[in-house]
């Protein structure tokens, strides 16, 4: 702030002030674009457990990049067949914020245990400690996408069960 006032006081002309404002706006726009670009996208090098970790970490820090960036991160790794069931992104956001899955948003911690794996699917048990310090268990399944295109050979989430409450941590 002090530098700005010194520069402002020294130059005090409208074109210089307009240039500063323009540069600040450009910086803000670039920052917003970079934040949205930070979301990970599926690729064939990401292992099944890493897909689940990416999604859970996104949900745990839902608004860290921008509002609902964690939900959007989760959406990026949803299988196209899953997306057909959950609807477009706005419906997916409403579903995750609804009564059934809201405990995932901004949860305190999570654990992932692999239950089974093959070359086409992997199943995990996920336990989440929500912000109210209540544990919830989920079955989480990912499958390797086999059709041609940008998602070929990527691991994507096909199913997350309804939560099973496990009780309080206190």
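The values are calculated or read from the model by the stated rules, or taken from the named source; none is laboratory data. For clarity, every value in this text was computed on a predicted model and none was experimentally measured. Methodologically, a virtual Cβ is constructed for each residue, glycine included, from the backbone with ideal geometry; neighbour enumeration extends over all protein chains shown.
Data overview
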| item | result |
| --- | --- |
| Matching residues in region 77-92 - criterion: being without any contact (Cβ under 8 Å) to a residue 60 or more places away in the chain, part of a helix (DSSP H, G or I) and surrounded by fewer than 18 Cβ atoms within 10 Å (Cβ to Cβ) | 83, 84, 85, 86, 89, 90, 91 |
| Complete set of residues in region 155-170 that are under 15 Å from residue 100 (Cα atoms) and surrounded by 18 or more Cβ atoms within 10 Å (Cβ to Cβ) | 160, 163 |
| Filter result for residue 73 (surrounded by 12 or more Cβ atoms within 10 Å (Cβ to Cβ) and over 15 Å from the mean Cα position of the chain (by Cα)) | no |
| Only listed residue being over 19 Å from the mean Cα position of the chain (by Cα), touching a residue at least 12 places away in the same chain (Cβ under 8 Å) and within 26 Å of residue 38 (Cα to Cα), chosen from 119, 130, 153, 68 | 153 |
| Check on residue 96, at pLDDT 95 or above, assigned by TED's automatic domain parsing to the domain that holds residue 163, surrounded by 15 or more Cβ atoms within 10 Å (Cβ to Cβ) and closer than 22 Å to residue 163 by Cβ | yes |
